[in-house]
Every structure is written in structure tokens, then in C-alpha cells.
Amino acid sequence: MTWLPILFRKGMTACKMYLLGRLVKSFSPLTKAGGDVRFPFRMEDIEYGQKRFVEVAVGLPVAKTFYYEIPSGLGEGLRLGSRVLVPFKGRKVTGYAISFPVDLTDYPKSDGPKSILDILDERPLFDNRMLTFYRWISNYYLYPLGQVIKGGLPPGINLESQQLLSTTPKGRALLESGKLTQEELTILRTIADHGEMPLEKGTKRFPHWRVYSLRKAGLIQIKLGLKDIRVKPKGEKVVKYQGERGSEDEYLSPKGKEVLAFIREMGEISHASLCAKFKGASRIVKRLKERGVISVETRGTYRDPLSDLITGEDWRPELTPKQVKALETIVKGIDSFRFSPFLLYGITGSGKTEIYLRAIETVLKGGRQAIVLVPEISLTPQLIGQFLERFSGRVATLHSGLSRGERYDEWRRIREGKVDIVIGARSAIFAPFDRLGMIIVDEEHETSYKQEEKLRYNARDLAAVRAKSCDAVLILGSATPSLEAYHNAVEEKFRLLKLDERIEGRSLPSVEIVDMRREEGKGIILSEKLRNALRENLAIGRQSLVFLNRRGFASFIQCPDCGFVFKCPNCSVSLTHHFRGKKLICHYCNYAIVVPDLCPDCQCYRIRSFGIGTERVEEEIRKMFPQATVDRMDRDTTRKRRSHQRILKKVRSRETDILVGTQMIAKGHDFPNVTLVGVICADLSLNFPDFRSSERTFQLLTQVAGRAGRGMNPGKVIIQTFNPDHYSIQMARDQDFTKFYREELRFRKELDYPPFSRLINVRIEATSQKRSVKAAEEMGEWGRRLLRKRSYGRGIEILGPSPAPLQKIKGKHRYQMLIKGNRANILHRFVKELVGETKKRWPGRGISLTVDVDPISVM
């Protein structure tokens with residue numbers, strides 16, 4: 001696909017049209033039954049000619065696209081990539097213009113296509129190249145194109161229809177006469193006050209049956225309207241000096257004169273800044289405006305999520321010889337203007353970030369742009385701070401931690417070319433750059449790059465696809481590369497770059513394993529060795545991290561008399577005890593109850609908590625070291641806006657002595673004064689029923705160990721485990737990735753798991769267990785029949801269907817079928833046919849079907 005960008009350069013020849021037509025062959029083109037593939041539009045129709053029809057992908061869970069007629073007068077303003085408002089199944093929805101067919105010879109001979117209602121954009125939201133990218137995602141992940149496009153755009157910008165309540169003339173007449181019951185008067189008066197009230201709001205506020213009885217009586221009516229767009233451009237009032245119209249002494253107080261003098265000096269200033277500087281400035285501005293001394297206008301502005309980020313001076317360290325060699329190789333790739341993929345395998349503290357910064361400098365000098373992906377929102381402030389120091393004013397950020405308005409404005413800045421670098425979590429891969437020259441995926445092994453709901457894409461894999469389509473450089477960076485990435489490097493699909501020593505000659509931390517089976521004392525949390533190490537570290541003024549990848553106070557609460565365990569009624573899991581809120585909470589559906597005093601089965605009052613979580617570890621450390629400042633970082637403590645930054649800032653400023661946390665503290669952070677890392681329950685992830693459990697354990701332990709000794713003082717790591725002889729723990733102690741890779745690869749090859757095969761997980765979910773079992777069994781039978789019936793060869797294997805490891809989540813019973821294949825195109829064709837047949841057999845009957853391509857977890 002290295003020729004792909006050529007197709008989008010100026011001038012569209014017949015040869016290029018043919019090549020582009022072949023490219024989109026698998027993306028549901030407009031074709032005649034049994035005929036050849038035809039490209040669905042002519043370039044001259046798009047740019048110059050009169051458009052008659054438009055192909056629209058709606059942002060709804062429907063696999064097909066739809067054709068609409070373009071009313072006269074609207075065709076000139078409609079471009080590929082624009083949003084359109086269209087009628088769809090009795091409502092109005094937002095769709096996306098994706099092609100302009102010349103005719104509709106394939107359209108069903110009925111009433112013909114409906115017309116679009118409106119064009120929502122003066123300028124298209126995406127171009128042809130991004131559309132090709134969206135089509136690839138839709139085809140590979142077997143997900144509706146309209147929803148793919150919707151997911152790639154900022155949330156809250158689409159128009160949607162809604163049902164609105166309003167009073168009828170009859171209802172208004174009765175309201176004035178008062179000849180109604182008190183309840184009816186209240187309902188009618190409330191609706192009349194609103195003018196038009198959303199039906200959803202009305203049925204929440206008043207009894208459902210009462211609203212519909214008033215409609216039946218002809219007192220109120222329900223009609224179709226449009227919801228307000230939830231996010232809009234932000235406006236800012238600007239005060240501008242126009243000149244004197246006479247002596248201000250006549251009408252201005254001393255304070256007013258001071259405000260006027262300030263406005264005159266500034267020339268223009270934002271109204272908000274003026275009011276912040278001078279109390280009561282609004283009244284003075286109003287008076288000055290009436291006199292014509294100033295003007296007040298509203299200008300578009302951007303919400304800035306980086307405004308309160310504190311940065312220091314740019315520090316450019318001297319590169320090590322291995323950094324220089326790696327950078328020179330990357331620069332050659334940049335200068336080639338061809339797709340150049342690199343795996344930057346560098347141990348923790350080896351200076352990968354500096355390589356990123358200098359490589360991007362080269363990209364920007366060539367007039368191109370860069371995307372930097374990070375796995376956790378908590379990592380973005382630190383990394384953005386480093387990038388702002390080097391590239392002030394040229395950086396934007398995209399992630400789910402921003403408000404809708406901030407995400408929209410950052411997206412606008414990117415689209416309008418006001419920034420050259422985007423840093424963010426997985427959704428940043430959709431940043432609307434048109435001169436993309438580099439994509440960096442930091443900590444590429446992280447599972448958080450995989451979205452686990454709706455469109456289940458892997459941002460790391462999409463980075464490779466997008467970089468290839470743009471002839472850009474791809475850098476995958478990690479101290480513990482995923483087996484798939486490292487295998488690609490070994491097979492020479494990626495260029496391997498190694499940084500196997502820390503900067504400034506710093507040594508890796510010493511790692512010690514503690515066998516918890518030999519520790520004295522029942523239910524002990526901290527081993528004697530870890531307690532002593534924490535005490536010594538506190539005494540010399542150093543900081544420590546304590547890692548446990550489970551939040552909460554305890555794993556579960558159980559009655560010692562009858563054995564009763566408090567379980568979630570909606571999920572196949574026990575409720576986790578959270579001490580501070582005195583609640584039992586399900587971490588899957590958020591179901592919560594107050595911790596009871598008695599067992600509900602036998603009324604025993606001696607119910608006890610078992611297991612540990614970060615909350616309990618924090619409490620234990622506070623009791624053990626009352627003089628220490630202890631903080632905790634997990635999902636419970638980072639729910640509030642900017643809470644990540646607050647916790648990390650305290651660690652960097654050395655206010656926190658000991659930080660307890662989950663995997664949030666395990667990766668990417670650079671704390672020079674942290675010299676001790678303690679790992680509790682290191683074998684926790686080994687107990688998951690997943691073929692990647694050993695890999696995850698090794699990666700997590702190696703990453704968290706890498707947080708120690710990143711400054712001038714050497715680091716120490718203590719790993720507590722009940723499985724000290726497991727090879728993933730042993731090799732994490734030695735920080736020997738190459739040895740782990742060989743051992744794990746042998747295991748994967750024996751079982752024919754990735755990277756030696758591809759996987760697709762097809763999951764059936766239903767509120768009725770009986771229906772989910774029946775649907776899963778039918779799907780399995782049809783799948784095996786399909787293998788015998790069609791010529792798919794011997795490269796496909798079906799595992800299941802069987803209950804999912806977590807059989808019930810959020811009230812839905814889950815059964816799944818894992819399909820394994822060696823050739824991606826055949827595997828996708830098989831699953832597409834299987835899913836299509838399953839949906840035909842169980843259409844809209846309380847069954848939901850999820851397809852997870854390249855699953856990271858089968859839980």
C-alpha cells in the first residue's frame with residue numbers, strides 16, 4: 001500500500017481511479033449483481049459537477065450504507081466528508097457523505113431514494129485519505145462504517161432527533177379555564193412553560209401512563225424535533241478601544257478612569273480578563289460602550305486543557321552512542337518519505353523519550369506532523385510537559401479525560417493546522433492531520449491500547465495502518481515489547497533498535513524475590529524484608545512505591561459460620577469491600593450496597609473480609625509508619641478531574657513518601673528520588689485464564705521495577721510472590737526479555753496462538769441464560785457446518801462455544817466462541833458469513849452479538 005498516497009495527489013487519472021477502485025473492492029462498493037467492481041463516483045462529480053445522489057453512512061449500528069437524493073440548491077455545498085441530516089426510519093439522524101454515485105441502477109425499484117434534509121458542515125470533517133482509513137477499520141474489525149466515522153470525530157457534534165411534548169389548542173383552553181384535576185393542571189402547565197418539552201424528560205418527571213392519557217385526550221401532542229448539539233465553539237467577549245468622544249470626567253468615576261486608561265493602553269482585552277483585574281468592570285464597560293468609546297464583540301476562542309500545566313526549561317541531555325545510532329537510523333527513515341516501521345526496544349531509563357523528541361524535531365523541520373500515543377491518561381501530563389518545553393505552542397492533546405468542549409476545540413486546532421504534534425491515548429490515532437510524518441506508540445505492549453467496548457480496535461495496530469497509508473515513520477517503543485511486535489522485528493518486518501543501558505551510566509535496580517509461603521504470620525501483607533526496606537528508605541529521605549494490581553480494601557466479605565459470600569446480582573463476581581465508603585462494590589457494573597452488620601443467611605455478626613486491595617495496603621502502611629506521608633493512586637482516587645496530576649505532582653515535589661497504587665504507577669513515570677519499589681502479590685495476573693497471563697506478569701513486574709533508581713541513587717525492588725519459581729517472575733527478576741521471549745514463544749508455537757495465528761472472539765450475550773445458551777449452540781453448529789460446506793481449507797479452528805470466564809456481566813449471560821486461523825483474509829470471510837447467518841437466525845430477539853478481532857483478553 002506504499003502507492004496509496006499517490007492516488008490522492010493533485011490530478012486523478014483513469015489509472016489512479018482504477019487502482020483506487022481495486023483498493024476499495026472489499027468495502028461494499030456500488031456493484032451490479034455478478035458484475036465487475038465499479039468505482040461509485042467520478043472525481044469531476046465530486047468537485048465540479050451537479051451531484052444528484054449521495055451515499056451516506058449513518059452513525060448507527062447498521063452495517064449497510066444508504067443512498068439519498070440531493071435536492072437542487074444543496075449540491076454545490078456538499079462535499080465528501082461532510083455531515084448531512086437525513087430521514088431514517090421515522091426520525092432524523094446525522095450521516096456522513098462518503099461517495100457521489102452517478103446513478104442508482106442498483107437501487108431497489110420502489111419509491112426511490114429519500115432526499116437529504118440539510119448539510120451540516122461548510123467544510124468537510126474528513127478527507128479521502130481518512131475515509132480510506134475508516135473503511136479499512138470497518139472492514140477489518142467488522143464494524144459499521146458510520147459508527148467508525150462517528151468514533152473518529154469529537155463526541156457531541158451530531159444532530160439527533162427526539163420526541164417533543166407540547167400543548168394543543170384544546171389543552172391550552174382547558175388550562176386557562178382550570179377545568180382539570182390538580183395533577184393534570186401541573187403537567188399541562190409544566191409543558192406549556194417549556195414550550196416544547198422532551199418526551200424522555202416528561203415521562204421521567206410525571207407518570208408514564210398519565211402523559212399518554214393526556215395525549216389520547218387531545219390535550220398534548222408528540223412531534224419530532226432535534227436535540228441541541230451538546231458541544232459548540234466557544235465564544236469570548238473582547239473589549240476594544242475606539243477612541244474618545246469627549247471628556248470622560250463627566251461620566252466616569254476614578255475607578256472608571258483607571259479601567260479606561262488600562263483599555264486604552266492595551267488596545268483590546270478579553271472581557272473576562274478585564275473583570276478579573278477590576279472589580280465591577282462590567283458596569284463600566286457597559287457605560288463606555290454606550291458612549292462609543294469602546295466596542296464589545298464576540299470572537300471564537302479555544303478551550304485550553306493545557307493552560308494550567310506547569311513546564312520548566314527545555315533540557316537537552318547529551319545522547320549516548322546507542323541513542324545516537326538509533327536516532328540516525330530513524331532520521332534516514334524520515335528522509336526516505338516511505339513507510340518505515342521501527343521497534344525501539346530500550347530498557348527502563350534508557351532515554352527513549354529523548355529519541356522521540358529529536359525524531360519529531362526532524363519531522364517538523366520537513367513540514368510534517370506527528371502523533372504520540374500513550375497508554376494511560378495519567379502519563380499524558382508528564383509527557384506533554386516535556387514536549388511543551390521543546391515545542392511550545394505546537395502541541396495538542398486528545399483523550400477521554402478532557403471535557404467535550406476541550407476535546408472539540410483540540411480537534412479543531414489540529415484540523416485547522418494550528419498545531420503539529422498530538423499527544424494522547426488511543427483515540428488520538430484519529431487526529432485529523434493531513435501531513436502526517438510520524439506516529440509514536442509509547443509502551444506499545446500495553447493492553448489499554450485495545451478498546452474493549454463498541455468498536456474494539458487496537459490503536460497500536462491502527463498506528464501501523466495509518467503510518468503505512470501516509471508513508472510515515474512508525475516507532476513502537478517499549479522496555480518489554482509485546483511478543484507480536486518483537487516477532488515482527490525478528491522476522492524483519494520492523495527494524496529493531498536496541499537501547500540496552502541506562503543514560504548517564506546508571507545501573508538497573510537490584511531485584512529480590514520473597515517467597516511468601518515461608519513468611520511467618522497468618523494473612524501478612526508486607527513481608528519483613530519489605531517492611532525493613534521501607535523503614536530504611538524513610539530514614540534517609542528517599543521515596544518508595546508499593547504496587548498491588550487490585551483496588552479496594554478486600555477482595556470479598558464472607559461469613560465464617562455458613563460460608564456466605566456477598567456476590568453481585570448482575571455479574572459472576574464477588575463484591576469488593578471498600579473501607580472508606582463502607583460499601584461493597586462490583587467493579588464491573590458498579591452495583592453497590594452498604595456493608596451489613598449481619599450475615600443475611602444465618603444472622604451471624606462475625607462476617608470477615610478476605611484478600612487485599614490497595615486501600616487496605618495504604619491503611620496498613622499508615623499504621624506501620626505514622627510519620628510518613630502516604631498517598632494512593634488507583635481508579636477510586638483518580639475519578640475527579642486532574643486528580644492524576646495532583647497525586648503525581650506531590651510525588652515529584654517529594655511531599656509523598658510512599659505511593660501505593662495499581663498499574664497506574666507501573667509505567668512511564670520518572671521519579672528521580674524513588675529508590676524502592678515493593679510488589680505485593682506478584683503472581684496475581686498469573687491466575688487469569690488467559691494465554692497471555694505470563695507475558696502480562698513479566699511486563700508488569702519489569703515495568704514497575706523500572707521506576708526505581710532513575711536518579712543518581714541506585715534502586716532496589718522487592719517482589720512478594722507465592723510462585724517464586726515461575727519463569728515469568730524469575731526472568732522479571734533478571735530483567736532478561738530475550739530469554740523470556742524465547743520461552744514464551746515456544747509455548748505459543750506449541751498451542752498455535754499469536755503470533756503464529758490470528759484470533760477472533762465471537763460472543764453471545766442475553767439477559768436469559770436459556771436463550772444465550774441456545775443461540776451459542778446454534779452458532780457453533782452453523783460454524784462447523786460452514787467449515788464443511790465451504791472451501792475455507794484447514795486453516796480455521798473453532799474453540800467452543802463455551803461460557804465466558806466471567807459468565808455474567810451487567811445482568812447478561814455470556815457465551816463465546818474463539819475462532820483461530822492462519823490467514824487473516826480467510827478468517828475474516830468465515831466470521832463475516834458466520835455472524836451474518838447468526839443475526840438472520842436471531843434477529844432482534846434479546847440477543848446481542850459482539851465480534852472482537854485480535855482479542856487482548858477472552859474474559
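The values are calculated or read from the model by the stated rules, or taken from the named source; none is laboratory data. Predicted model only: the values in this text are computed from it and were never measured. Methodologically, a virtual Cβ is constructed for each residue, glycine included, from the backbone with ideal geometry; neighbour enumeration extends over all protein chains shown. Ligands, DNA and RNA are stripped out before the accessible areas are found, and what is left, the full protein with its side chains, is counted by its heavy atoms. Shrake-Rupley method; radii C 1.70, N 1.55, O 1.52, S 1.80 Å.
A few remarks follow.
- Considered as a group, the residues in segment 626-635 that are in contact with a helix residue (DSSP H, G or I) (Cβ under 7 Å, 6 or more places away or on another chain) and surrounded by fewer than 20 Cβ atoms within 10 Å (Cβ to Cβ) include one that is nearest to LEU534 (Cα to Cα), and that residue is ALA628.
- Close pairs (6 angstrom Cβ cut-off, 6 or more residues apart or separate chains): free of Cβ contacts under 8 Å to residues at least 12 places away in the same chain in segment 586-601, aromatic (Phe, Trp, Tyr) anywhere: LEU598/TYR605
- Some residue of segment 475-482 being open to solvent by 10 Å² or more (accessible area, probe 1.4 Å) and within 24 Å of ARG368 (Cα to Cα): no
- Checking segment 595-612 against the condition returns no match, with no residue being open to solvent by 30 Å² or more (accessible area, probe 1.4 Å), on the phi > 0 side of the Ramachandran plot and of a type in the set (D, E, K, R).
- Taken together, the residues in segment 804-854 that are closer than 21 Å to TRP782 by Cβ, of a type outside the set (Lys, Arg), in contact (Cβ under 8 Å) with a residue 12 or more places away in the chain and not in a strand (DSSP E or B) amount to 12.
- Single residue of segment 338-368 satisfying the filter (of a type in the set (Phe, Trp, Tyr) and touching a Lys or Arg at 6+ places or on another chain (Cβ under 9 Å)) that is least open to solvent (accessible area, probe 1.4 Å): PHE342
- If you go through segment 310-329 and keep only what is modelled with pLDDT of 90 or more and within 19 Å of PHE387 (Cα to Cα), you end up with LEU319, GLN323, LEU327.
- Looking across segment 429-443, the residues that are open to solvent by less than 10 Å² (accessible area, probe 1.4 Å) and assigned to a strand (DSSP E or B) come down to LEU436, GLY437, MET438, ILE439, ILE440, VAL441.
- Segment 188-202 - residue that is farther than 14 Å from PRO169 by Cα and of a type in the set (A, V, I, L, M, F, W, C) and, of those, farthest from the chain's Cα centre (by Cα): MET197
- Residue check, HIS577 under 27 Å from ALA666 (Cβ atoms) and not in a loop (DSSP other than H, G, I, E, B): yes
- Filtering segment 251-266 to residues that are touching a strand residue (DSSP E or B) at 6+ places or on another chain (Cβ under 6 Å) and either touching a residue at least 60 places away in the same chain (Cβ under 8 Å) or surrounded by fewer than 16 Cβ atoms within 10 Å (Cβ to Cβ) (or both) leaves only ARG264.
- Condition check for VAL858: open to solvent by 10 Å² or more (accessible area, probe 1.4 Å) and either free of Cβ contacts under 8 Å to residues at least 12 places away in the same chain or of a type in the set (Val, Ile, Thr) (or both): yes
- Selection within segment 715-741 - assigned to a loop (DSSP other than H, G, I, E, B) and open to solvent by 30 Å² or more (accessible area, probe 1.4 Å): PHE722, ASN723, ASP725, HIS726, GLN735, ASP736
- The set of residues from segment 501-538 being touching a strand residue (DSSP E or B) at 6+ places or on another chain (Cβ under 8 Å), open to solvent by less than 40 Å² (accessible area, probe 1.4 Å), outside any helix (DSSP H, G or I) and not β-branched (Val, Ile, Thr) comprises PRO509, ASP515, LEU526, SER527.
- Selection status of SER694, part of a helix (DSSP H, G or I), at negative phi and either in contact with a Gly (Cβ under 9 Å, 6 or more places away or on another chain) or in contact (Cβ under 8 Å) with a residue 60 or more places away in the chain (or both): no
- Restricted to segment 444-466, and to residues there that are in a loop (DSSP other than H, G, I, E, B), open to solvent by 10 Å² or more (accessible area, probe 1.4 Å) and among the acidic types (Asp, Glu), the residue that is farthest from TYR345 (Cα to Cα) is GLU453.
- When segment 682-701 is filtered for residues that are within 30 Å of SER653 (Cβ to Cβ) and open to solvent by 10 Å² or more (accessible area, probe 1.4 Å), the ones remaining, listed by number, are GLN699, LEU700.
- The set of residues in segment 649-675 being more than 15 Å from GLN703 (Cα to Cα), open to solvent by less than 10 Å² (accessible area, probe 1.4 Å) and either without any contact (Cβ under 8 Å) to a residue 60 or more places away in the chain or in contact with a helix residue (DSSP H, G or I) (Cβ under 7 Å, 6 or more places away or on another chain) (or both) consists of THR656, ILE658, LEU659, VAL660.
- Residues of segment 464-496 satisfying the condition of being of a type in the set (A, V, I, L, M, F, W, C), over 17 Å from ILE360 (Cα atoms) and over 21 Å from the mean Cα position of the chain (by Cα): ALA479, LEU483, ALA485, ALA489, VAL490, PHE494, LEU496
- Which listed residue, of GLU777, GLU744, is open to solvent by less than 40 Å² (accessible area, probe 1.4 Å) and part of a helix (DSSP H, G or I): GLU744
- Selection within segment 115-172 - among the aliphatic types (A, V, I, L, M), open to solvent by less than 30 Å² (accessible area, probe 1.4 Å), touching a helix residue (DSSP H, G or I) at 6+ places or on another chain (Cβ under 9 Å) and in a loop (DSSP other than H, G, I, E, B): LEU125, LEU153, ILE157
- Top-ranked residue in segment 485-500 [being in contact (Cβ under 8 Å) with a residue 60 or more places away in the chain and either touching an Asp or Glu at 6+ places or on another chain (Cβ under 7 Å) or open to solvent by 50 Å² or more (accessible area, probe 1.4 Å) (or both); ranked as farthest from ARG460 (Cα to Cα)]: ASP500
- Candidate set from segment 780-803 (those that are open to solvent by 20 Å² or more (accessible area, probe 1.4 Å), touching a residue at least 24 places away in the same chain (Cβ under 8 Å) and in a loop (DSSP other than H, G, I, E, B)); member that is farthest from PHE688 (Cα to Cα): ARG790
- Pairing each residue of segment 635-646 that is farther than 11 Å from ILE377 by Cβ with any residue that is in a helix (DSSP H, G or I) and open to solvent by 30 Å² or more (accessible area, probe 1.4 Å), provided the two are 6+ apart or on different chains, yields C-beta distances under 9 Å for LYS640/ARG646.
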